[in-house]
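These notes concern the structure reproduced below.
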Amino acid sequence: SYGVSINSNTNVKEVMVDGVLLESYNEDFEAQTFKMPADLVIYTAGMRPVDLMTTCLDKAVDTNEYGRIRTKRTLQTINHPEIFAIGDCMSMENSKVPCTAQAAMQQSDIVATNLWSRYRYICREKNEPLSRYLEKFTYVPLGEMLTLGGNNAAISSLNDNLSISGQAASAARSLVYSYRMPTSTQPI
């Protein structure tokens, strides 16, 4: 009655200007393709690390129920202090960290510091440093930036006390990304 249609076990084959091309399977496992008209398509999906990550680590590290590597607040894996994990492939104990580039960039600073501190400690003391000698990661939400195509974007920051959109947000977003990117060759 509200124009909502739920299609489970259905694959999106193509998003078009006037709708979505969907594919589902009947009882005989025959593919059925059909078009669903739509004015607006919103896509949300769960995230899971690629299988290559766990294959390369040969099950050496603990993972959670979603396949993410479990880490301490130092971003070292639970059972192997010589292995660090950042980004959306990791899950930090007793904390929820969003799977965003913003979080991964913050984590990279901590891992770089901890790799250097660990190296110096092992060279000096000849054993693994205790966690108290390493930096702990705490996520600091800096806001959200969203490109809307062309010269259009939206930015929300400072606990939603600052919000801008349009061309000004697009220019601000480009400036922030150019400052935060490790090299000038990465796309904005």
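The values are calculated or read from the model by the stated rules, or taken from the named source; none is laboratory data. Treat the numbers as computed from the prediction; the structure is a model and nothing was measured. Counting neighbours? That spans all protein chains shown, and the Cβs are built from the backbone with ideal geometry, glycine included. All accessible areas refer to the heavy atoms of the entire protein, side chains included, with ligands and DNA or RNA removed. Shrake-Rupley method; radii C 1.70, N 1.55, O 1.52, S 1.80 Å.
At 1.4 Å probe size, put T44, T33, T71 in order of accessible surface, largest to smallest.
The ordering from most to least exposed comes out as T44, T33, T71.
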Practice problem: Using a 1.4 angstrom probe on heavy atoms only, work out the carbon and sulfur share of the accessible area of segment 80-171 in %. | Solution: 54 percent
Practice problem: Describe numerically, in nm with one decimal, the distance between label points set 7 Å from Cα along Cα→Cβ at A172 and at M105. | Solution: 1.5 nm
Quiz item: What nm distance separates the two modelled labels at S156 and Y25, each placed 7 Å from Cα along Cα→Cβ?
Solution: 3.9 nm
Quiz item: Which of the lysines could a cross-linker bridge to K35, judged by Cα under 27 Å and excluding same-chain residues fewer than eight apart?
Solution: K13
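Using the beta-carbon distance between S117 and T10 and R0 = 45 Å, what value does 1/(1 + (r/R0)^6) give for FRET efficiency, to the nearest 0.05?
Values: r = 50 Å, r/R0 = 1.11.
E between S117 and T10, to the nearest 0.05, is 0.35.
Of the listed peptides 132-145, 73-86, what is their order by residue-averaged count of other C-beta atoms within 10 Å, with the highest listed first?
Values: 132-145: 14.8, 73-86: 17.8.
Highest mean packing first, the order is 73-86, 132-145.
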Quiz item: Protein chains only, probe 1.4 Å: how do S163, S108 rank by accessible area, largest first?
Solution: S163, S108
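Given R₀ = 30 Å, what would the calculated FRET efficiency be for Y179 paired with T44, taking r from the Cβ atoms and rounding to 0.05?
Numbers: r = 29 Å, r/R0 = 0.98.
With R0 = 30 Å, the Cβ-Cβ based efficiency is 0.55.
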Self-check item: Accessible area in the full protein assembly, largest first, 1.4 Å probe, for D28, D109, D62
Solution: D28, D109, D62
